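Peer 1: Mind having a look at this structure? Questions to follow.
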Amino acid sequence: MSKRPVRWDELSWSDLAALRADGMDLAILPVGATEQHGHHLPTGVDSLSATAVAEGVSAEIGVPVLPTLPYGCSLGHSRKWPGTLSLRPATLSLAVAEIADWVLASGFSRLLILNGHVTNWAPLRCALETIRADLPDMRIALRNIWQISGDVDALYSYDGGTNWHANDAETSLMLHLRPELVDMKKAVDEPDRSTCCFFSYTVDKESETGVTGLAARGDADFGKRVLSTAVNALSAQLRAALTERTPLEDWTPQAAVFERPV
């Protein structure tokens, strides 16, 4: 990409005021995690991934990126392996809601919470509900990086279903972004053993190494494809979101035929 990302913490308050005066009222908050990712990947994968997508979008459309929140809700990774640092769900939810309050005070009334870790979803959704209720002047959205589009979801989930972790996509993305942090000699493939289960289990009861998916298949070219697919899709969505109005303001009645399921 030819342009540089707009990083909130590299700007002065007057720079941010000028950005807002020029019509930019959207900011992105990447939320990651610090947790085990098998023998071969660093603990910061989820933070690095969310940051890369956010900054890629920022370089495309000029939206400022807030400092990444590097701690998430990683309780499910247990204390078996060193490295995981987890917040409680309520702590994460409260922190994001408080950040949103200050973002709005700075004049940015649209906020995208861009999530890089699967089990952050529930507390971040609670944060969204709090923000909608407490900050009615803010427009708030939540997206997981792997679910930005159907194409992105397919790249992430083909080898691990909904339970993937440190798999081909994550390994390849790190090989593209930070190859010096990846040790492919230690990459181990593991199946998704949770598919036969009714109950939910922590990762140490599902995986021997903390991996679910085909980690050993990772390569930088696939990682570049994962990132570009996510950035292109989200950039297009946010270009539209910059001028989005409420459904009642924009809704146009259309004739529709509804049939009950047989």
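Peer 1: Using the heavy atoms of the protein chains and a 1.4 angstrom probe, tell me the accessible area per residue for the chain in square angstrom.
Peer 2: It amounts to 53 Å² per residue over the chain.
Peer 1: For the range 1-44, what is one quarter of the convex hull surface built on the Cα atoms, given in nm²?
Peer 2: Mean orientational projected area (the range 1-44, Cα hull): 5.0 nm².
Peer 1: Can you give me the % of accessible surface on the range 1-70 that is carbon or sulfur? Probe 1.4 Å, all protein chains present, nothing else counted.
Peer 2: Carbon-and-sulfur percentage of accessible area, whole number: 53.
Peer 1: If contacts are Cα pairs under 8 angstrom and at least 6 residues apart, what is the relative contact order of the chain in percent?
Peer 2: It rounds to 21 percent for the chain.
Peer 1: Anyone know which of Asp22, Asp168, Asp189 comes out most mobile in the 10 Å Cα GNM of the chain?
Peer 2: Asp22
Peer 1: Separation of the range 90-161 and the range 218-246 by C-alpha centroid, Å?
Peer 2: Centre-to-centre (Cα) distance: 16 Å.
Peer 1: Just need the Rg to Rh number for the range 44-188, please, alpha carbons only, Kirkwood Rh.
Peer 2: 0.97
Peer 1: Follow-up. From zero outward in steps of 5 Å, how is the percent of C-alpha pairs of the range 142-262 spread across the bins?
Peer 2: Percent of Cα pairs in each bin: 2, 10, 15, 15, 14, 12, 10, 7, 7, 5, 2, 0.
Peer 1: Please work out the Cα convex hull volume for the chain and give it in Å³ per residue.
Peer 2: With only Cα atoms used, the chain gives 166 Å³ per residue.
Peer 1: Using 7 Å Cα-to-Cβ label points, what is the Leu242/Asp22 separation (nm, one decimal)?
Peer 2: 1.0 nm
Peer 1: Along its principal axes, what span do the Cα atoms of the range 1-108 show, with the longest given first and each in whole Å?
Peer 2: Principal extents (largest minus smallest coordinate, Cα): 50, 33, 17 Å.
Peer 1: Rank Ala241, Ala133, Ala216 by mean-square fluctuation in a GNM of the chain with C-alpha springs under 10 angstrom and give only the top-ranked residue.
Peer 2: Of Ala241, Ala133, Ala216, the most mobile in the Gaussian network model is Ala133.
Peer 1: Gly72's amide H: which non-local residues (gap 5+, or another chain) put their own amide H closer than 5 Å, with H modeled 1.01 Å from N in plane and none for Pro or chain starts?
Peer 2: Answer set, sorted by chain and number: Thr34, Leu87.
Peer 1: With only alpha-carbon atoms counted, please give the Rg and Dmax of the range 173-221, in Å.
Peer 2: Taking only Cα atoms of the range 173-221, I get Rg and Dmax of 13.1, 39 Å.
Peer 1: Considering the range 21-72, what Rg and Dmax in Å follow from its alpha-carbon atoms?
Peer 2: Considering the range 21-72 through its Cα atoms, Rg and Dmax are 13.1, 47 Å.
Peer 1: On the accessible surface of the range 205-257, probed at 1.4 Å, how many percent belong to carbon and sulfur atoms?
Peer 2: 54 percent
The values are calculated or read from the model by the stated rules, or taken from the named source; none is laboratory data. Everything quoted here is computed from the prediction, not taken from an experiment. Virtual Cβ from ideal backbone geometry, glycine too; neighbours counted across all protein chains shown. All accessible areas refer to the heavy atoms of the entire protein, side chains included, with ligands and DNA or RNA removed. Shrake-Rupley method; radii C 1.70, N 1.55, O 1.52, S 1.80 Å.
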